[in-house]
Amino acid sequence: MGTVTIGVSIAVPEPHGSLLQERRTGFGDAAASGIPTHVTLLPPTEVDDSELPAIEEHLADVAATGRPFRMCLSGTGTFRPLSPVVFVQVVDGVEACTWLQKQVRDASGPVARELAFPYHPHVTVAHGISEEAMDRAYEELSEYEAEWPCTGFALYEQGADGVWRKLREFGFGGEAVPPKTASAGSDTTLPAH
């Protein structure tokens, strides 16, 4: 038995996910290639690997009560100076994301935890890089927009190589959807923010 680091997030679909991941890499964020573009519902959390079945059952229950909703991204924001992060803002879907993350972290559930900062759904596009590069990310993506129907979320695990890999998808209003098999290098991943 050992511990694993997991996270739960809503993947940003194609073509938006790849585009934002490429932009994040281009701004100099070295970790970007191992982090699929996403909106976090549960930040990186260390758990005993024997807890994974109970966590998956809990997430399936949360997803079963959820319903698809419209996600819309527009413009940029930042958590600086509190945290060295620039992000694309979630402007539609905030209430649904907030509700989902509360259900995932429910005090009676297997991944109950407090957050270091108040929950604010977002898509990180720069983290822990130079101030100049963060300013560039903030400016260059200030008019970025994307929207899609959100139909579920996924459980991710961070590997020893630092890369986040999808373990399982959970569709709203029904059973979990098995993860898509992807070729090496195109695995979906979860971010630290």
Inside the range 132-148, can you point out the residues that are crowded, with 19+ Cβ neighbours inside 10 Å and touching a helix residue (DSSP H, G or I) at 6+ places or on another chain (Cβ under 8 Å)? ALA137, LEU141
Take THR45 and tell me if it is of a type outside the set (Lys, Arg) and touching a residue at least 12 places away in the same chain (Cβ under 8 Å). yes
Being surrounded by 13 or more Cβ atoms within 10 Å (Cβ to Cβ), more than 18 Å from SER9 (Cβ to Cβ) and in contact with a Pro (Cβ under 8 Å, 6 or more places away or on another chain) is the requirement here; does ILE129 meet it? yes
Which listed residue is over 15 Å from LEU42 (Cβ atoms), part of a strand (DSSP E or B) and modelled with pLDDT of 50 or more, from GLU147, GLU169, GLU157: GLU147
Checking PRO43, PRO36 in turn, the sole residue that is within 16 Å of PHE153 (Cα to Cα), touching a Ser or Thr at 6+ places or on another chain (Cβ under 7 Å) and surrounded by 14 or more Cβ atoms within 10 Å (Cβ to Cβ) turns out to be PRO36
Pick out, from the range 10-123, the strands (runs of 3 or more DSSP E) lying fully within it that include 3 or more residues that are more than 23 Å from GLU145 (Cα to Cα) and within 13 Å of the chain's Cα centre (by Cα). 38-48
Please go through the range 149-166 and give me each residue that is exposed (fewer than 15 other Cβ atoms within 10 Å of the Cβ) and either aromatic (Phe, Trp, Tyr) or without any contact (Cβ under 8 Å) to a residue 60 or more places away in the chain (or both), ordered by number. GLY159, ALA160
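The values are calculated or read from the model by the stated rules, or taken from the named source; none is laboratory data. From a predicted model like this one, the values you see are computed outputs, not experimental measurements. We place every Cβ from the backbone using ideal geometry, glycine too, and count neighbours over all the protein chains shown.
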